[in-house]
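Novice: Sharing a structure below in structure tokens format, with a few things to ask.
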Amino acid sequence: MAITYLKRGKPEADRARDDLATRSAVEAILQDIEANGDAAVRALSEKFDGYSPAAFRLTQAEIDALIAQLTPREIEDIRFAQEQVRNFARAQLASIRDIEVETLPGVILGHRNIPVQSVGCYVPGGKFPMVASAHMSVATASVAGVPRIIAATPPFKGKPNPAVIAAMHFGGAHEIYVLGGIQAIAAMALGTETIAPVDMLVGPGNAYVAEAKRQLFGRVGIDLFAGPTETMVIADDTVDGELCATDLLGQAEHGYNSPAVLLTNSRKLAEATMAEIDRLLTILPTADTASRSWQDFGEVIVCDTHEEMLQVANDIASEHVQVMTDRDDWYLAHMHSYGALFLGPRTNVANGDKVIGTNHTLPTKKAGRYTGGLWVGKFIKTHSYQRILTDEAAAMIGAYGSRLCILEGFVGHAEQCNIRVRRYGKRNVPYGAAAE
């Protein structure tokens with residue numbers, strides 16, 4: 001096997017130190033908010049966002065006034081994108097069915113799919129107003145039938161962003177808060193004097209938001225660990241350096257710690273892509289962010305074969321994987337660890353981020369090994385139930401159950417079964433006989 005790194009990102013040890021510092025900062029802030037509620041939330045909002053309104057929750061009049069600042073074209077574009085997300089979510093929901101089966105004569109087993117009852121949707125927006133994130137969380141939760149959907153987003157340049165608020169409102173949010181970062185996550189999860197807590201948190205965010213969700217998991221549910229954006233381009237010589245460089249930098253501009261990886265079996269393409277990245281960074285308006293991200297977290301990996309590329313790709317388990325090769329369907333069939341695939345040169349990650357209809361809240365930091373991204377099913381809980389209809393079934397299952405309970409030493413459990421054998425069996429059975 002020949003795998004060559006033409007460029008490596010920040011060493012894993014350095015990344016681990018960064019994670020440890022983030023973890024400690026988040027833990028202290030969560031304790032402060034749990035102890036001091038609204039006062040802590042307001043102090044943190046003032047500190048990090050310079051924002052301290054009379055109330056963080058927007059009134060309907062404030063929402064209407066913000067939406068009125070948008071042009072008809074902007075409103076139409078938001079609604080179009082949101083409808084694509086809803087359409088795909090509806091199709092996914094249709095695939096989730098309640099079931100009820102008779103597994104033995106008189107024995108009925110089933111499950112019901114029930115929406116989570118309250119969800120907090122975080123929409124990032126401190127650096128860039130992430131309008132699309134509102135579609136992905138709020139609109140999808142609405143399709144799932146969640147009865148209470150609250151949404152929080154940080155102020156943008158000191159005030160609510162009209163487009164983000166419009167997307168939250170059109171998506172179906174019942175409560176909208178202009179509140180960002182750890183303070184928003186904690187307020188929604190733990191509750192304060194003015195914000196009732198939710199059952200589940202969803203939505204992407206920076207490293208601090210992702211860590212807050214991680215620490216709160218268990219007290220509330222979460223969708224997944226969706227931290228800083230990751231992207232991978234898998235390419236061969238069927239495409240050129242300009243296309244690869246554009247797709248890499250298009251995601252590197254998200255933040256200073258957004259990994260972008262080129263994986264190729266063409267050294268010529270690798271070198272051309274690196275040269276093109278250098279050129280684009282001289283003209284890209286977001287080059288300050290993208291260049292730092294590329295410097296610290298960009299990687300270029302050259303392999304000999306597609307099989308090697310597949311192995312490396314599955315090991316890295318990137319959030320976004322753009323595949324542009326002569327065998328895209330082969331990668332679709334064999335990739336097993338990733339957030340979402342973008343197949344062929346005609347598509348791109350930005351389509352998935354903004355408009356095409358698949359959800360852009362995806363697993364990062366190798367979480368694609370054990371979970372997919374946010375989808376309508378994340379808002380659904382599947383609960384089983386059982387029913388026994390006949391005396392014969394009650395006695396038969398009871399006899400098996402009793403013996404298996406005794407096998408484990410649970411006499412009280414066994415008696416739950418035995419009493420059914422005695423009451424529903426065809427003859428009176430003395431205590432303990434079902435376990436014989």
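The values are calculated or read from the model by the stated rules, or taken from the named source; none is laboratory data. Being a predicted model, the structure only gives us computed values, none of them experimental. When we count neighbours, we look across all protein chains shown, and the Cβ atoms used for this are built from the backbone with ideal geometry, even at glycine. Please note that ligands, DNA and RNA were not included when accessible areas were found on the heavy atoms of the full protein model with its side chains. Shrake-Rupley method; radii C 1.70, N 1.55, O 1.52, S 1.80 Å.
Novice: Starting from the range 85-101, take each residue that is modelled with pLDDT of 95 or more and β-branched (Val, Ile, Thr) and list its partners that are open to solvent by less than 60 Å² (accessible area, probe 1.4 Å) and assigned to a helix (DSSP H, G or I), counting only C-beta distances under 7 angstrom and pairs at least six apart or across chains.
Specialist: Final answer for the pair search is VAL85/HIS135; VAL85/MET136; VAL85/ALA139; VAL85/THR140; ILE96/GLY377.
Novice: How many residues are exposed (fewer than 14 other Cβ atoms within 10 Å of the Cβ), at positive phi and either assigned to a helix (DSSP H, G or I) or in contact with a strand residue (DSSP E or B) (Cβ under 6 Å, 6 or more places away or on another chain) (or both) when one looks only at the range 35-76?
Specialist: Matching residues across the range 35-76 total 0.
Novice: Conditions: (1) open to solvent by 30 Å² or more (accessible area, probe 1.4 Å); (2) within 26 Å of ALA207 (Cβ to Cβ); (3) not in a loop (DSSP other than H, G, I, E, B). HIS254 meets all but one. Number of the miss?
Specialist: Of everything listed in (1) open to solvent by 30 Å² or more (accessible area, probe 1.4 Å); (2) within 26 Å of ALA207 (Cβ to Cβ); (3) not in a loop (DSSP other than H, G, I, E, B), HIS254 misses just condition (3).
So that you can scan it fast, the table gives a plain yes or no per residue for (1) more than 23 Å from PRO204 (Cβ to Cβ); (2) more than 28 Å from the chain's Cα centre (by Cα); (3) not hydroxyl-bearing (Ser, Thr, Tyr):
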residue	(1), (2), (3)
THR282	yes, yes, no
ASP296	no, no, yes
ASP304	yes, yes, yes
GLU307	yes, yes, yes
ILE316	no, no, yes
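Novice: A further question on this structure: For the range 321-436, which fully contained helices (runs of 4 or more DSSP H) count at least 1 residues that are of a type outside the set (Lys, Arg), surrounded by fewer than 14 Cβ atoms within 10 Å (Cβ to Cβ) and under 30 Å from the mean Cα position of the chain (by Cα)? Let's see the steps before the verdict.
Specialist: Numbers: elements: 328-334, 349-354, 391-408, 411-424.
Fully inside the range 321-436 and qualifying: 328-334.
Novice: Okay, next question. When you go through (1) touching a Ser or Thr at 6+ places or on another chain (Cβ under 7 Å); (2) open to solvent by 40 Å² or more (accessible area, probe 1.4 Å) one by one for LEU179, which number turns out not to apply?
Specialist: For LEU179, the failing item is (2).
Novice: Looking for something within 19 Å of the chain's Cα centre (by Cα), surrounded by fewer than 24 Cβ atoms within 10 Å (Cβ to Cβ) and of a type in the set (S, T, N, Q) - is there at least one such residue anywhere in the range 189-202?
Specialist: no
Novice: Same structure, new question: Please state which of the following conditions ILE222 fails to meet, knowing it meets all the rest: (1) over 21 Å from LEU179 (Cα atoms); (2) open to solvent by 10 Å² or more (accessible area, probe 1.4 Å); (3) of a type in the set (Val, Ile, Thr).
Specialist: If we test ILE222 against (1) over 21 Å from LEU179 (Cα atoms); (2) open to solvent by 10 Å² or more (accessible area, probe 1.4 Å); (3) of a type in the set (Val, Ile, Thr), just (1) comes out false.
Novice: Right, another one. Pairs, please: C-beta under 9 Å, at least 6 apart or cross-chain, first residue without any contact (Cβ under 8 Å) to a residue 40 or more places away in the chain and in the range 339-353, second of a type outside the set (Lys, Arg) and open to solvent by 50 Å² or more (accessible area, probe 1.4 Å)?
Specialist: ALA340/THR358; LEU341/LEU332; LEU343/ASP329; LEU343/LEU332; THR347/ILE356; ASN351/THR358; GLY352/THR358
Novice: Oh, and also: With respect to VAL233, is the statement that it is closer than 30 Å to THR325 by Cβ, in a strand (DSSP E or B) and not basic (Lys, Arg) true? Let's see the steps before the verdict.
Specialist: Working: closer than 30 Å to THR325 by Cβ: yes; in a strand (DSSP E or B): yes; not basic (Lys, Arg): yes.
Here the answer is yes, as VAL233 does meet what is asked.
Novice: Taking VAL239 as the residue in question, decide whether it is part of a loop (DSSP other than H, G, I, E, B), touching a Leu at 6+ places or on another chain (Cβ under 8 Å), crowded, with 18+ Cβ neighbours inside 10 Å and modelled with pLDDT of 95 or more.
Specialist: Numbers: part of a loop (DSSP other than H, G, I, E, B): yes; touching a Leu at 6+ places or on another chain (Cβ under 8 Å): yes; crowded, with 18+ Cβ neighbours inside 10 Å: yes; modelled with pLDDT of 95 or more: yes.
Answer is yes for this residue.
Novice: Further question: How many residues does the range 97-125 hold that are out of contact with any strand residue (DSSP E or B) (no Cβ under 7 Å at 6 or more places or on another chain) and closer than 26 Å to ILE356 by Cα?
Specialist: 2
Novice: Any idea how many residues of the range 217-229 are part of a loop (DSSP other than H, G, I, E, B) and either over 26 Å from GLY372 (Cα atoms) or within 13 Å of the chain's Cα centre (by Cα) (or both)?
Specialist: So the answer is 7.
Novice: Look through LEU263, LEU284, LEU269 and report the one residue that is closer than 20 Å to GLN322 by Cα and touching a Leu at 6+ places or on another chain (Cβ under 9 Å).
Specialist: Working: LEU263 fails: touching a Leu at 6+ places or on another chain (Cβ under 9 Å); LEU284 fails: closer than 20 Å to GLN322 by Cα.
Result: LEU269 is the single residue among LEU263, LEU284, LEU269 that is closer than 20 Å to GLN322 by Cα and touching a Leu at 6+ places or on another chain (Cβ under 9 Å).
Novice: Mind checking which residues of the range 77-131 are of a type in the set (A, V, I, L, M, F, W, C), within 30 Å of ALA207 (Cβ to Cβ) and in a loop (DSSP other than H, G, I, E, B)?
Specialist: Selection gives VAL116, VAL123, PHE128, MET130.
Novice: PHE88 versus (1) touching a strand residue (DSSP E or B) at 6+ places or on another chain (Cβ under 9 Å); (2) surrounded by fewer than 21 Cβ atoms within 10 Å (Cβ to Cβ); (3) not aliphatic (A, V, I, L, M): which is the lone unmet condition?
Specialist: Here PHE88 meets the rest and fails (1).
Novice: If you don't mind, there's one more thing I want to ask. Name the residues in the range 225-236 that are surrounded by fewer than 20 Cβ atoms within 10 Å (Cβ to Cβ) and modelled with pLDDT under 95, would you?
Specialist: PHE225
Novice: Out of all the residues in the range 145-165, which are assigned to a helix (DSSP H, G or I) and crowded, with 24+ Cβ neighbours inside 10 Å?
Specialist: Listed by number, the residues that qualify are VAL164, ILE165.
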